[in-house]
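Peer 1: Input: one structure, supplied below.
The values are calculated or read from the model by the stated rules, or taken from the named source; none is laboratory data. What you see is a predicted model, and the numbers here were worked out from it, not measured in a lab. Cβ placement follows ideal geometry from the backbone for every residue including glycine, while neighbour counts extend to all protein chains displayed.
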Amino acid sequence: MRIGAQLYTVREFMQDLDGFSETLKKVADIGYKTVQVSGSCPFSAEWLRGELKKTGLECVLTHTPADRLVGETEKVAEEHKIFGCRYVGLGWNAFDLESGDTPEAFTEKYRPAAGILYKNGLKFMYHNHDREFQRCGEKLVLESLAEAFEPEIMGFTLDTFWVQAGGGDPAQWLRRLSGRVDCIHLKDYAFGRKFAVLGEGNMNFDAIFNAADDAGTKYMLVEQDDCYGEDPFECLKRSYLYLRARGFE
């Protein structure tokens with residue numbers, strides 16, 4: 001399993017192309033070799049390809065706006081192929097069940113896009129929060145999603161923090177979704193429902209690493225949604241050093 005940085009952690013520094021470029025350099029200087037692009041300013045696929053080449057980084061996953069995923073699917077696919085990224089991610093869905101935002105509505109909306117990405121040799125990846133652990137009928141939302149999409153059509157960027165926040169066991173869910181969790185988000189969970197640098201919270205990473213390995217995870221991407229005033233690059237560095245000390249590269 002390879003480690004990487006989810007750039008949403010440093011999104012505030014990526015709101016113009018100059019800042020985005022400098023951010024990629026800083027992340028590479030920490031030692032990361034792979035990244036997920038998320039929360040940035042608009043960019044062209046050719047620009048990102050050039051920046052990745054300059055820094056030696058590989059973009060393995062994105063979070064792509066929902067309107068582009070469903071309205072410009074072919075263009076999104078072509079862009080990802082230009083900068084060499086197989087996994088096309090959706091970062092959020094509200095699942096406000098009372099308003100009709102159900103797993104069935106999600107499936108109707110995103111299945112066509114997932115199919116187009118698959119035909120282009122790419123894979124649609126859905127990123128969970130805690131809302132996927134509410135019940136919709138007899139099943140959890142996450143269970144319904146897993147049943148509605150074939151494994152080759154949609155994978156899950158399982159987020160360790162949000163699984164735990166939803167009342168789930170991250171290691172158990174990694175195993176339940178085995179073969180569908182090529183990319184995951186590593187986040188530590190501290191007292192008071194706070195995000196933490198890896199190894200500085202209370203998450204059971206021994207179990208998570210073992211389960212991820214068993215489940216076929218390829219990329220473990222470090223993310224910290226809120227650094228609470230600390231330098232987010234320093235937080236990414238401490239998480240990187242923790243993972244390196246655990247034997248990951």
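Peer 1: Scan the range 54-74 and give yes if some residue there is hydrophobic (A, V, I, L, M, F, W, C), over 20 Å from the mean Cα position of the chain (by Cα) and within 23 Å of residue 159 (Cβ to Cβ), otherwise no. Talk me through it step by step, then tell me what you get.
Peer 2: Going through the range 54-74, the residues hydrophobic (A, V, I, L, M, F, W, C) turn out to be 57, 59-61, 66, 69-70.
From the residues that got through so far, the ones that are over 20 Å from the mean Cα position of the chain (by Cα) too are none.
There is no residue in the range 54-74 that is hydrophobic (A, V, I, L, M, F, W, C), over 20 Å from the mean Cα position of the chain (by Cα) and within 23 Å of residue 159 (Cβ to Cβ).
Peer 1: Does residue 30 satisfy the condition of being farther than 23 Å from residue 248 by Cα, of a type in the set (A, V, I, L, M) and either modelled with pLDDT of 95 or more or surrounded by 15 or more Cβ atoms within 10 Å (Cβ to Cβ) (or both)? Spell out how you get there, then give the answer.
Peer 2: Working: farther than 23 Å from residue 248 by Cα: no; of a type in the set (A, V, I, L, M): yes; either modelled with pLDDT of 95 or more or surrounded by 15 or more Cβ atoms within 10 Å (Cβ to Cβ) (or both): yes.
The answer is no for residue 30.
Peer 1: Tell me, which residue of the range 162-180 that is of a type in the set (Gly, Ala, Ser) and more than 15 Å from residue 125 (Cα to Cα) is surrounded by the most Cβ atoms within 10 Å (Cβ to Cβ)? Give the derivation first.
Peer 2: Start the filter on the range 162-180 by keeping residues that are of a type in the set (Gly, Ala, Ser), which leaves 165-168, 171, 178-179.
Remaining after also requiring more than 15 Å from residue 125 (Cα to Cα): 165-168, 171.
Numbers: 165: 17, 166: 19, 167: 10, 168: 20, 171: 22.
This residue is 171.
Peer 1: Okay, next question. When you scan the range 74-91, how many residues do you find that are crowded, with 21+ Cβ neighbours inside 10 Å and in a helix (DSSP H, G or I)?
Peer 2: 3
Residues checked against (1) crowded, with 16+ Cβ neighbours inside 10 Å; (2) of a type in the set (Phe, Trp, Tyr); (3) part of a helix (DSSP H, G or I); (4) in contact (Cβ under 8 Å) with a residue 40 or more places away in the chain:
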site	(1), (2), (3), (4)
5	yes, no, no, yes
36	yes, no, no, yes
43	yes, yes, no, no
46	no, no, yes, no
59	yes, no, no, no
68	no, no, yes, no
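Peer 1: Out of (1) more than 18 Å from the chain's Cα centre (by Cα); (2) over 23 Å from residue 97 (Cβ atoms), the odd one out for residue 170 is which?
Peer 2: (1) is the only condition that residue 170 fails.
Peer 1: OK, next. Mind checking which residues of the range 212-231 are more than 20 Å from residue 60 (Cβ to Cβ) and surrounded by 15 or more Cβ atoms within 10 Å (Cβ to Cβ)?
Peer 2: 227
Peer 1: Also, quick follow-up: Please specify each residue of the range 148-171 satisfying the condition of being in a helix (DSSP H, G or I) and either touching a strand residue (DSSP E or B) at 6+ places or on another chain (Cβ under 8 Å) or under 26 Å from residue 34 (Cα atoms) (or both). Full working, then the answer.
Peer 2: So the first thing to find is which residues in the range 148-171 are in a helix (DSSP H, G or I), and the list is 148, 160-165, 170-171.
160, 161, 162, 163, 164, 165, 170, 171, listed by residue number.
Peer 1: Being under 22 Å from residue 104 (Cα atoms) and of a type in the set (Phe, Trp, Tyr) is the filter; apply it to the range 149-161 and report the residue that is surrounded by the most Cβ atoms within 10 Å (Cβ to Cβ).
Peer 2: 156
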